[in-house]
């Protein structure tokens, strides 16, 4: 679907696996457009698998917050799974872990959205 992520459906939930470790500003805009189209095309509940992400720059964090707002407009939720220690630290430092639920595994994330 995108060079930045793959999407699969697991138990009716969209699992979006990011395929990048870092993104440029232009690539971040392309990621945003791709994620927004998912809300339109695939529904409102998403698990974002950040296993391959070495770092989440502020631009990507902004895209994720906007994506979550779009999903909430459709009564959906976004949760994250498989973060590295560095990505988990970014969620903690930015207080995003107070906004988003972050799980160690995809299975835990799936259970949370039942």
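Read-outs throughout are calculated quantities, based only on the coordinates presented, and are distinct from any laboratory measurement. Given the structure is predicted, the values throughout are model-derived calculations rather than measurements. A quick note on method: Cβ atoms are made from the backbone with ideal geometry, for glycine too, and the neighbour counts reach across all protein chains shown.
Here are some notes:
- Whichever residue in the range 69-91 is farther than 18 Å from residue 106 by Cα and touching a strand residue (DSSP E or B) at 6+ places or on another chain (Cβ under 9 Å) and, among such residues, is surrounded by the most Cβ atoms within 10 Å (Cβ to Cβ): 71
- Yes/no for residue 75 being assigned to a loop (DSSP other than H, G, I, E, B) and either touching a helix residue (DSSP H, G or I) at 6+ places or on another chain (Cβ under 6 Å) or in contact (Cβ under 8 Å) with a residue 12 or more places away in the chain (or both): yes
- Within the range 51-61, considering residues that are in a helix (DSSP H, G or I) and either touching a residue at least 24 places away in the same chain (Cβ under 8 Å) or in contact with a helix residue (DSSP H, G or I) (Cβ under 6 Å, 6 or more places away or on another chain) (or both), the one surrounded by the most Cβ atoms within 10 Å (Cβ to Cβ): 60
- Scanning the range 6-50 for residues that are in contact with a helix residue (DSSP H, G or I) (Cβ under 8 Å, 6 or more places away or on another chain) and part of a loop (DSSP other than H, G, I, E, B), we see that the one that is surrounded by the most Cβ atoms within 10 Å (Cβ to Cβ) is 50.
- Any hit, the range 26-44, residues being free of Cβ contacts under 8 Å to residues at least 40 places away in the same chain and over 14 Å from residue 67 (Cα atoms): yes
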